[in-house]
Amino acid sequence: MRDYYVYILASKKDGVLYIGVTNDLVRRVKEHKDGLVEGFTKKYFVHRLVYYEHTDDIEGAIIQEKRLKKWKRDWKVKLIEKNNPNWDDLYSYILG
């Protein structure tokens, strides 16, 4: 059984959002934070982990990632704020 994560990064509270999927959330978020991921997140300084979901089904994770990317921004904000009202960076939390 393998772990997969759908995650949302933000540049700041109510800032730019990025949605991704990974099989190693700690590694992937660290890569974003360290600027190792070229493109959107590096360009817009999007490195605050504000939301994530866990599953053991890669197909389900990819479907959920695509679904969230199609959502209106206010739906994404409500999802984040339901679970993380202060938009805290959850990275230290997932480190254990």
Criterion violated by P85 - all others in (1) assigned to a helix (DSSP H, G or I); (2) more than 13 Å from the chain's Cα centre (by Cα); (3) not acidic (D, E) satisfied: (1)
Qualifying residue in the stretch 12-24 (condition: of a type in the set (S, T, Y), more than 21 Å from D88 (Cα to Cα) and in contact (Cβ under 8 Å) with a residue 12 or more places away in the chain): no
Every residue from the stretch 61-78 that is surrounded by 12 or more Cβ atoms within 10 Å (Cβ to Cβ), touching a residue at least 24 places away in the same chain (Cβ under 8 Å) and out of contact with any helix residue (DSSP H, G or I) (no Cβ under 8 Å at 6 or more places or on another chain): A61, I62, Q64, E65, K69, V77
Checking H32 against (1) out of contact with any Ser or Thr (no Cβ under 9 Å at 6 or more places or on another chain); (2) free of Cβ contacts under 8 Å to residues at least 40 places away in the same chain, the condition it does not meet: (1)
Looking only at the stretch 1-20, and only at residues there that are among the aliphatic types (A, V, I, L, M) and under 20 Å from E81 (Cα atoms), the one that is farthest from the chain's Cα centre (by Cα): V16
Some residue of the stretch 76-95 being of a type outside the set (S, T, Y), over 18 Å from K13 (Cα atoms) and out of contact with any Cys (no Cβ under 6 Å at 6 or more places or on another chain): yes
Selection status of K72, over 15 Å from the mean Cα position of the chain (by Cα) and either at pLDDT 95 or above or within 13 Å of G20 (Cα to Cα) (or both): yes
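Every residue, every condition in (1) at pLDDT below 95; (2) more than 24 Å from K78 (Cα to Cα); (3) surrounded by 18 or more Cβ atoms within 10 Å (Cβ to Cβ), yes or no:
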residue	(1), (2), (3)
M1	yes, yes, no
Y4	no, no, yes
A10	no, no, yes
V16	no, no, no
T22	no, no, yes
L25	no, no, yes
E31	no, yes, no
D34	no, yes, no
Candidates G15, G20 - the one that is closer than 15 Å to Y5 by Cβ and touching a strand residue (DSSP E or B) at 6+ places or on another chain (Cβ under 9 Å): G20
Within the stretch 36-58, tally of residues that are without any contact (Cβ under 8 Å) to a residue 12 or more places away in the chain and surrounded by fewer than 13 Cβ atoms within 10 Å (Cβ to Cβ): 4
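The values are calculated or read from the model by the stated rules, or taken from the named source; none is laboratory data. Keep in mind that what you see is a predicted model, and the values were worked out from it rather than measured. Cβ sites come from the backbone with ideal geometry, for glycine too, and all protein chains shown count toward neighbours.
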